[in-house]
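Report on the structure given below.
The values are calculated or read from the model by the stated rules, or taken from the named source; none is laboratory data. A quick note: this is a predicted structure, and the numbers were derived from the prediction, not measured. When we count neighbours, we look across all protein chains shown, and the Cβ atoms used for this are built from the backbone with ideal geometry, even at glycine. Note: areas computed on protein heavy atoms with side chains; ligands, DNA, RNA excluded. Shrake-Rupley method; radii C 1.70, N 1.55, O 1.52, S 1.80 Å.
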Amino acid sequence: CTTLADHKTAMMNFEGCELKRFATNTVFADGDPSGRIMLIGEAPGRDEDLQGLPFVGRAGKLLDRMLAEIGLNRRKVYITNVLNWRPPQNREPSPEEAAACLPFLHRHIELADPKLMILLGAVSVRHVLGLTEGITRVRGKWNLFQSVALNRAIPVMPTLHPAYLLRQPAAKRLAWRDLLAVAEKMGELGLA
Ligand code: URA
């Protein structure tokens, strides 16, 4: 695929991931890639599956408030997930299910062409950066995602998943620190 629209069609027609059999919708993305900031979560939950859009449930509402703190909203960022179909009962995706989606995610990143990426939670960090340490260890530190197709390295900030922050509100101050680092980098990259 050479456009995001074609990529979406290819994904909607893809039958190689078991999760699709249980899902109501393929959850492709939301927002605007031209803002050059891409957020990658884990997988659609119940609300996302029903509406066909990422991060529209409770965690998504918190994400919107977090983005607003640094002057961002869904018209300025582009949001997707590692998995494009909801795992039944929101269980963690199996390695096979994730493996079926990963080539799509890599092409999705290339076509969206972000200048900066934010990874939400451990599953995203594991699949995008290949880091298996706990999220509390890797969050808040800049990494690079090497894209051969784009011929450049994209700065990546891992942070805590908003669903985790709903369960552990005390951790919000850590996510806030990560967002401040993102805001600073946006300034450096001329994205602010
Ligand atoms: N959690 C995620 O990781 N992604 C969503 O789209 C919703 C909740």
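Sorted by accessible area with a 1.4 angstrom probe, largest first, how do H108, H127 fall?
Final ranking, largest accessible area leading: H127, H108.
With both partners inside region 25-183, how many of the DSSP beta bridges are antiparallel, as a percent to the nearest 5?
35
Hydropathy first: keep DSSP H helices in the chain averaging at least -1.0 on Kyte-Doolittle, then drop any whose Cα extent along the axis falls short of 18 Å, and list what survives.
Once both thresholds are applied, what remains is 95-112, 172-188.
Rounded to whole Å, give me the distance from the Cα center of region 86-102 to that of region 154-192.
25
Packing-wise, with mean Cβ within 10 Å as the measure, how do 31-37, 150-156, 54-60, 88-94 rank, highest first?
54-60, 31-37, 150-156, 88-94
Where does each of 172-183, 75-86 land if you order them by average Cβ count within 10 Å, highest first?
75-86, 172-183
Where q = 0.12, 0.23 Å⁻¹, what log10 of I(q)/I(0) comes from the Debye formula for region 75-166, counting one point per Cα?
Normalising to I(0) and taking log10 leaves -0.37, -1.38.
Quick check on the chain: what does the Kirkwood estimate of hydrodynamic radius come out to from the alpha carbon pairs, in Å?
One over the average 1/r among Cα pairs gives 16.5 Å for the chain.
Do you know the Lys pair count in the chain for C-alpha distances under 28 Å, with sequence separation 8 or more or different chains?
Within the chain, the lysine pair count is 20.
In square angstrom, what is the accessible area per residue of the chain with a 1.4 angstrom probe?
48
Residue farthest toward the positive end of the dipole of region 44-192, with Cβ of Lys/Arg at +1 and Asp/Glu at -1: which of L179, N81, Q146?
So the residue we want is L179.
When the dipole is taken about the Cα centre of region 35-82, and only Lys, Arg (+1) and Asp, Glu (-1) are charged at their Cβ, what size is it in debye, to the nearest 20?
Here the size comes out at about 240 debye.
Rounded to the nearest 20 Debye, what is the dipole magnitude of the chain about its Cα centre when Lys and Arg each give +1 and Asp and Glu each give -1 at the C-beta?
600
For L129 paired with E69, estimate the spin-label separation in nm (one decimal), with each label point 7 Å from Cα along the Cα-to-Cβ line.
Label at L129, label at E69, 1.9 nm between them.
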